[in-house]
Amino acid sequence: MIAFRTLLYKEMLRFWKVSFQTVAAPVLTSVLYLMIFGHVLEGRVQPYPGVSYTAFLIPGLVMMSVLQNAFANSSSSLIQSKITGNIVFVLLPPISYREFFSAYVLAAVVRGIVVGLGVWLAAAFFVLTPLAHLFWVLCFATLGGAIMGALGVVAGIWAEKFDQLAAFQNFLIMPLTMLSGVFYSIHSLPPFWQSLSRLNPFFFMIDGFRYGFFGVSDINPWVSFAVVGIALILVTGFSLEMLRRGYKLRY
Amino acid sequence: MSDIPAIRVSGAVKCFGALRALDGVDLDIRQGEFFGLLGPNGAGKTTLISALAGLSRLTEGHIAVMGHDVVRDYRQARSVLGVVPQELVFDPFFSVRELLRIQAGYFGIRGNDDWIDELLANLDLTNKAETNMRQLSGGMKRRVLVAQALVHKPDVIVLDEPTAGVDVELRQTLWRFIRKLNENGHTIVLTTHYLEEAEELCHRIAMLKAGQIVALDTTQNILARVGGQTLKLHIGSAALPAVLVAKALSFDAGVAQFNFADPLQVEETLRVMREAGVRVEEMEILKPDLEQAFIQMMRQEAA
Ligand SMILES: Nc1ncnc2c1ncn2[C@@H]1O[C@H](COP(=O)(O)OP(=O)(O)O)[C@@H](O)[C@H]1O
Ligand SMILES: [Mg+2]
């Protein structure tokens with residue numbers, strides 16, 4: 001238990017020591033998105049009755065920050081440790097692969113939520129969103145962050161170079177988040193794209209998260225919860241098996 | 001308790017593709033020993049240490065540390081083992097003290113600042129405790145690596161070429177400390193390129209070549225096996241006379257070494273040189289040392 005807590009603490013201290021890059025920078029990026037898209041589209045698009053476009057956009061941007069930063073935290077920590085070789089410091093001690101996994105994922109969730117909270121607070125200067133169900137907000141932020149933290153573990157272990165990690169991020173994570181309904185309600189899409197969106201687990205994370213704020217969503221939150229929960233179980237199982245075998249870590 | 005070997009390697013084979021980096025190694029290291037693992041570059045020393053530490057997995061065979069199998073009982077095995085890796089690795093995010101506290105935590109230990117202070121003092125790092133790793137010199141980083149390996153007071157301490165690139169004074173500091181740990185009952189396993197270091201420190205030595213143990217004995221016995229004395233002749237760019245080629249222990253960079261039991265053979269060798277018109281620039285007569293033993297054994301193995 002002490003080993004797990006220490007690894008978690010170290011992973012959190014790592015991003016906190018460079019919080020200018022790991023927290024402040026992504027908050028600023030999201031606020032820029034909010035100002036630009038909000039300004040251009042406000043009044044032209046009304047996704048739900050009584051919900052302004054800017055208000056609609058905020059939960060999407062918050063969740064996108066949670067997801068991207070959770071992924072960035074575990075994946076960049078692991079690949080840096082592998083490339084510099086200091087990964088041996090966590091491979092030599094008697095840390096079980098489950099503790100290893102939990103510590104990296106939990107630290108990723110914390111980073112995601114800290115950034116997400118930062119985005120939400122900054123956005124509150126422009127529009128204060130309602131908060132219909134705090135439970136769903138926290139639930140989807142945690143589950144989404146955990147999925148991305150676990151995917152970050154997989155990517156960080158698999159990638160041998162920074163460009164491989166960047167490819168994973170640019171060709172998989174970015175398109176899936178961008179096309180998940182951060183900027184629009186899928187009901188505004190043509191039927192083909194609507195059904196395609198339903199194959200994207202990220203869509204359910206963002207839709208469920210948004211439900212927590214407005215109490216309305218495209219999909220019943222319990223359905224989203226089930227989809228996201230199953231996705232988390234699958235990703236967790238996959239990365240635990242990778243770690244158990246020592247894939248690319250213990251040759 | 002002390003019947004259990006500190007390290008037991010049984011039938012260890014490690015393949016990298018077609019290469020057998022470890023080719024059937026059997027080795028017992030007793031508790032409390034100061035053991036030297038020697039061999040040329042690429043012999044498989046680091047590969048053996050990695051398997052011992054659980055950083056890699058053997059293709060065949062088993063290794064146990066203090067009786068704990070390093071795969072099956074990896075938690076117990078790792079908690080009694082401290083490894084100083086060969087590569088100079090460090091975590092740039094933290095200060096020396098932060099790093100040591102974190103490392104202790106990984107081993108399930110908290111609040112052992114007294115021991116951390118003792119480590120820092122013994123390794124001459126006290127005034128660097130709050131310094132970030134990035135700001136340390138190579139020698140200091142190396143000593144932090146040693147401290148990290150010792151933070152949980154392991155019974156068995158393995159050092160993979162710990163003095164490579166460390167200046168003489170620091171080497172002395174390090175050995176004084178490691179010796180003290182050995183006197184307090186810790187088992188020490190050392191690989192080094194400085195043979196005089198192994199000769200001075202190690203009770204027993206294994207020589208590894210191409211993944212196999214070619215000699216395993218006490219340091220004394222290995223030295224005795226060489227016997228006689230060594231003649232070292234510096235002949236510059238001249239060629240070694242044909243009759244002497246077979247007799248030479250080694251001939252490298254203009255230095256020929258010969259082993260002889262009878263001092264009169266020196267005269268004989270010099271006569272051959274004179275008759276061949278080879279100018280001897282410098283001559284040394286040496287007592288046998290590990291380097292000689294080493295060269296001789298590697299040569300016998302090749303023959
Ligand atoms: N990860 C690896 N992949 C492929 N070959 C390796 C790997 N690690 C070591 N080797 C090879 O195994 C042999 C033994 O290497 P090593 O144990 O590092 O030698 P030493 O430490 O005695 O210098 C060398 O031929 C080396 O090239
Ligand atoms: Mg080596």
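The values are calculated or read from the model by the stated rules, or taken from the named source; none is laboratory data. Owing to the predicted nature of the structure, the values given are computational and were not obtained by experimental measurement. Cβ placement follows ideal geometry from the backbone for every residue including glycine, while neighbour counts extend to all protein chains displayed. Accessible surface is based on the protein model in full, side chains and every heavy atom, while ligands, DNA and RNA are left aside. Shrake-Rupley method; radii C 1.70, N 1.55, O 1.52, S 1.80 Å.
On the stretch given as region B:48-85, residues that are in a strand (DSSP E or B) and either touching a Lys or Arg at 6+ places or on another chain (Cβ under 6 Å) or open to solvent by 20 Å² or more (accessible area, probe 1.4 Å) (or both) total 6. When residue B:82 is tested against the conditions (1) away from ligand 1 (no atom under 11 Å from the Cβ); (2) outside the structural domain of residue B:181 (by TED's automatic domain parsing), the lone failure is (2). Name every residue in region A:223-236 that is open to solvent by 30 Å² or more (accessible area, probe 1.4 Å) and within 15 Å of residue A:198 (Cα to Cα), in order of residue number. Result: A:223, A:225, A:226, A:227, A:230.
Residue by residue, here is whether (1) closer than 24 Å to residue B:150 by Cα; (2) modelled with pLDDT of 95 or more; (3) within 16 Å of ligand 2 (Cβ to nearest atom) holds:
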| position | (1), (2), (3) |
| --- | --- |
| B:182 | yes, yes, no |
| B:188 | yes, yes, no |
| B:193 | yes, no, yes |
| B:201 | yes, no, no |
| B:210 | no, no, yes |
| B:217 | no, no, no |
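Residues that are more than 28 Å from residue B:61 (Cα to Cα) and among the polar types (S, T, N, Q) are absent from region B:190-198 altogether.
Counting just the residues of region B:138-148 that are free of Cβ contacts under 8 Å to residues at least 40 places away in the same chain and touching a Ser or Thr at 6+ places or on another chain (Cβ under 9 Å), which one comes out nearest to ligand 1 (Cβ to nearest atom)? Only one residue fits best here, namely B:143.
Of the residues in region B:26-47, how many are over 13 Å from residue B:294 (Cβ atoms), crowded, with 16+ Cβ neighbours inside 10 Å, more than 14 Å from every other protein chain (Cβ to nearest Cβ) and near ligand 1 (Cβ under 9 Å from one of its atoms)? Counting residues in region B:26-47 that are over 13 Å from residue B:294 (Cβ atoms), crowded, with 16+ Cβ neighbours inside 10 Å, more than 14 Å from every other protein chain (Cβ to nearest Cβ) and near ligand 1 (Cβ under 9 Å from one of its atoms) gives 2. Among the residues of region B:117-131, how many are closer than 23 Å to residue B:188 by Cβ, in a helix (DSSP H, G or I) and either open to solvent by 60 Å² or more (accessible area, probe 1.4 Å) or small (Gly, Ala, Ser) (or both)? Final tally of qualifying residues: 3. Among the candidates A:250, A:245, A:210, the residue that is under 19 Å from the mean Cα position of the chain (by Cα) and basic (Lys, Arg) is uniquely A:210. Among residues of region B:86-116 being under 28 Å from residue B:192 (Cβ atoms) and part of a helix (DSSP H, G or I), the one that is most open to solvent (accessible area, probe 1.4 Å) is B:115. The set of residues from region B:180-203 being away from ligand 1 (no atom under 16 Å from the Cβ), touching a helix residue (DSSP H, G or I) at 6+ places or on another chain (Cβ under 7 Å) and closer than 20 Å to residue B:155 by Cα comprises B:188, B:201, B:202, B:203. Can you pull out every residue in region B:39-74 that is more than 11 Å from ligand 2 (Cβ to nearest atom) and either assigned by TED's automatic domain parsing to the domain that holds residue B:181 or of a type in the set (Phe, Trp, Tyr) (or both)? The one that is more than 11 Å from ligand 2 (Cβ to nearest atom) and either assigned by TED's automatic domain parsing to the domain that holds residue B:181 or of a type in the set (Phe, Trp, Tyr) (or both): B:74. In region B:266-280, the residues that are free of Cβ contacts under 8 Å to residues at least 40 places away in the same chain form Cβ pairs under 7 Å with partners that are part of a loop (DSSP other than H, G, I, E, B) and open to solvent by less than 20 Å² (accessible area, probe 1.4 Å), at six or more places apart or across chains, as follows: B:272/B:241; B:276/B:241. Screening region B:222-267 for strands (runs of 3 or more DSSP E) wholly inside it with 1 or more residues that are farther than 28 Å from residue B:205 by Cβ and modelled with pLDDT under 85 returns no ranges. Would you confirm, using the coordinates I've provided, whether residue A:105 is open to solvent by less than 10 Å² (accessible area, probe 1.4 Å) and either free of Cβ contacts under 8 Å to residues at least 12 places away in the same chain or β-branched (Val, Ile, Thr) (or both)? For residue A:105, the condition - open to solvent by less than 10 Å² (accessible area, probe 1.4 Å) and either free of Cβ contacts under 8 Å to residues at least 12 places away in the same chain or β-branched (Val, Ile, Thr) (or both) - is not met.
Within region B:133-146, is there a residue that is modelled with pLDDT of 95 or more, polar (S, T, N, Q) and in a helix (DSSP H, G or I)? No; the residues of region B:133-146 include none that is modelled with pLDDT of 95 or more, polar (S, T, N, Q) and in a helix (DSSP H, G or I). Check every one of the helices (runs of 4 or more DSSP H) wholly within region A:1-96 and list those with 1 or more residues that are within 14 Å of chain B (Cβ to nearest Cβ) and within 23 Å of residue B:106 (Cβ to Cβ). Passing ranges, in order: A:2-17, A:53-84, A:88-91. Residues in region B:149-177 that are more than 16 Å from ligand 1 (Cβ to nearest atom), open to solvent by less than 10 Å² (accessible area, probe 1.4 Å) and within 13 Å of another protein chain (Cβ to nearest Cβ) were compared, and the one that is farthest from the chain's Cα centre (by Cα) is B:151. Mind listing just one residue for me: the one in region B:70-102 that is farther than 30 Å from residue B:10 by Cβ and not hydrophobic (A, V, I, L, M, F, W, C) and, of those, nearest to the other protein chains (Cβ to nearest Cβ)? Of everything passing the filter in region B:70-102, B:91 is nearest to the other protein chains (Cβ to nearest Cβ). In this entry, residue B:114 passes the filter for residues that are under 21 Å from residue B:176 (Cα atoms), away from ligand 1 (no atom under 16 Å from the Cβ) and more than 11 Å from chain A (Cβ to nearest Cβ).
Take residue B:106 and decide whether it is under 25 Å from the mean Cα position of the chain (by Cα), at the interface with chain A (Cβ under 10 Å from one of its Cβ atoms) and away from ligand 1 (no atom under 16 Å from the Cβ). Against the criterion (under 25 Å from the mean Cα position of the chain (by Cα), at the interface with chain A (Cβ under 10 Å from one of its Cβ atoms) and away from ligand 1 (no atom under 16 Å from the Cβ)), residue B:106 does not qualify. Being modelled with pLDDT of 95 or more and buried (at least 21 other Cβ atoms within 10 Å of the Cβ) holds for only one residue in A:239, A:217, and it is A:239.
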